[in-house]
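Report on one structure; see the data block that follows.
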Amino acid sequence: MASSSAAMLAPDTGTDVLKTPTTDIVDDLPALNPRRDLTENAQPRTTWFLSDALSNCLRRDDTSDEGIQLPERVQHRLDSAHTPVPVVRVHQVTSRDSSRDHSLLLANVQFAALCWTQFLAGWNDGSTGPLLPRIQVVYNVGFAVVSLIFLVNSVGYVTGSLLNIVLTDRLGFGKTIVLGVSSLLIGYSLQAPAPPFPVFVIGFFINGFGIALQGAQSSGYVANYKGRFDPAARMGFLHASYGAGALFAPLVSTQFAQFHRWSFYYMISLALALTNSLFLSAVFKFKRQEECLEQIGLGQEDDGMSRNEGNKYRQIFRLKAVHLLAFFSLVYVGTEVTIGGWIVTFIIQVRGGGPSSGYISTGFFAGITVGRAALLWLNRKLGERTAIFLYVILAIGLELIIWLVPSFIGSAVSIALVGVLLGPIYPVAMNMARRILPSSLLTGCIGWIAGFGQTGSAILPFMTGAIASKAGISSLQPLLVGMMAMMVVLWAFVPKARPHSD
């Protein structure tokens, strides 16, 4: 278009002649007709411009005072080309934006799959308390014997956490987490027909093994988030999903505890585990963690630690912070499972509750879910380290109310509030691990912290059951107060987090 316009404006010797009508010039030049330029070229102009051909044609000769003379109206249009006009900025969707949106969508789908995994873990742990009185009746066992459920389950957790380190290196993230969920399919299949007590207990070992694998892998994966993915918030919501599973499980298991076919509850658990296994397989496609993180635009930082497989155990177990967090996790998980597992029995026998007392456990796990999601802002405002001290001290005060005030309603409300206060503690501990431990060892470290912590889910409830068989279930509350006091002491020794860019 510029070349054709230049041809029409070709000057004669000694005389400047305009060969084309003024209206044609105005219509043919995009610079002089901005409306046409915007509609035809569909691109925003941030300034006005003349085509090079027309500029050259209209440029004054250096040796002459003469130039091309245009009619006054056209000359006015040309002069206005240099007048600043408002800038119109139109956001253009580039391939980079499209890739960013796709990676964010994929990251959200991955996170949903991991949350479903934690929901299943909570569902598994939240069902034991309401079913415990029925298991005692069906198998005719006392407090000490039925507590073997917690002990064997814990052995499964520890086994899974130890093997998680080598399985992660050899199989990778995608295969290991699916293996963990698939183990639950075997465990629930054994428990659903209500087999003899020894076989029933073996199911808890297999379930503990599977949940240890999937818990370590999911927490380790989210711990590698950074930047716009907000790892602290996502870790809170991940473990809030655990609380949600533990919240809904008692609602269902309390009803099944009153049915003749009470063990069919585990068929529902089997269906949930199957959907979880399929979901994880479809989303992560058995890939390694590095590949999955690269798909969403994240890469693991090089922290200088050796990735030699033979050194992994030695590297992990020589870290002092790992052992401090592991013992803290042991006491915390033991306290949580002790409350969830024995509080129903306490309410029935000490506070005179009826068969529906299983819903008290629902209130406790509902509190955990709410606390993990709703107290994120307070964690940031106070600082996560300070927040833990505050939460545990307040929880001790509520336990004293449950212990010393003989009120059914007061106990029920206090138990729910204890859940709210205890809820944020575990995600904060995982966030602390993310900040103070090497990133190359993070999944293995978190696996050990979580797995060793699960020994608390056996030792402390088993100890509670053994003491209750001698002193009565009323001894539950002083034991819980002692456990929480130990949490305060251990947390004081955990190293402070180094500055970390999320």
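Looking across the stretch 379-415 at every residue that is assigned to a helix (DSSP H, G or I) and hydroxyl-bearing (Ser, Thr, Tyr), the one that is nearest to Val344 (Cα to Cα) is identified as Ser411. Note on the stretch 227-240: residues that are open to solvent by 20 Å² or more (accessible area, probe 1.4 Å) and either within 17 Å of Ala121 (Cβ to Cβ) or not in a helix (DSSP H, G or I) (or both) amount to 3.
Of all residues in the stretch 200-255, those being over 9 Å from the mean Cα position of the chain (by Cα) and within 15 Å of Gly447 (Cβ to Cβ) number 12.
From the list Pro193, Pro130, the lone residue that is touching a residue at least 40 places away in the same chain (Cβ under 8 Å), at negative phi and not in a helix (DSSP H, G or I) is Pro193.
Just one of the listed residues (Ile436, Ile449) is over 18 Å from Gln118 (Cβ atoms) and touching a residue at least 60 places away in the same chain (Cβ under 8 Å), and it is Ile436.
For Gly142, indicate whether it is in contact (Cβ under 8 Å) with a residue 40 or more places away in the chain and either open to solvent by less than 10 Å² (accessible area, probe 1.4 Å) or closer than 26 Å to Lys285 by Cβ (or both). Answer is no for this residue.
Within the stretch 196-226, track down each residue that is in contact with a helix residue (DSSP H, G or I) (Cβ under 9 Å, 6 or more places away or on another chain), open to solvent by 20 Å² or more (accessible area, probe 1.4 Å) and over 19 Å from Arg170 (Cα atoms).
Of everything in the stretch 196-226, those that are in contact with a helix residue (DSSP H, G or I) (Cβ under 9 Å, 6 or more places away or on another chain), open to solvent by 20 Å² or more (accessible area, probe 1.4 Å) and over 19 Å from Arg170 (Cα atoms) turn out to be Pro196, Phe197, Val199, Ile202, Phe205, Ile206.
Against the test of being in contact (Cβ under 8 Å) with a residue 60 or more places away in the chain, surrounded by fewer than 18 Cβ atoms within 10 Å (Cβ to Cβ) and not assigned by the TED database to the domain that holds Leu132, the options Ser474, Ser457 yield a single qualifying residue, Ser474.
Residues are listed down the side, and each one gets a yes or a no for (1) among the polar types (S, T, N, Q); (2) surrounded by fewer than 23 Cβ atoms within 10 Å (Cβ to Cβ); (3) within 18 Å of the chain's Cα centre (by Cα):
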| residue | (1), (2), (3) |
| --- | --- |
| Gly354 | no, yes, no |
| Ser361 | yes, no, no |
| Val370 | no, yes, yes |
| Arg380 | no, yes, yes |
| Gly383 | no, yes, no |
| Ile402 | no, no, no |
| Ser407 | yes, yes, no |
| Pro427 | no, no, yes |
| Met430 | no, no, yes |
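Taking the stretch 393-403, which residues are closer than 16 Å to Pro478 by Cβ, in contact (Cβ under 8 Å) with a residue 40 or more places away in the chain and not acidic (Asp, Glu)? Within the stretch 393-403, Ala395, Ile396, Leu400, Ile402, Trp403 meet the criteria.
Taking the stretch 246-303 as the range and being in contact with a Ser or Thr (Cβ under 6 Å, 6 or more places away or on another chain) and open to solvent by 70 Å² or more (accessible area, probe 1.4 Å) as the test, only Glu301 passes.
The values are calculated or read from the model by the stated rules, or taken from the named source; none is laboratory data. Remember, it's a predicted structure, so these values are computed and weren't measured experimentally. Ideal geometry is used to build each Cβ from the backbone, glycine not excepted, and the neighbour counts take in all protein chains shown. Remember, those area values only see protein heavy atoms, side chains included, never the ligands or the DNA or RNA. Shrake-Rupley method; radii C 1.70, N 1.55, O 1.52, S 1.80 Å.
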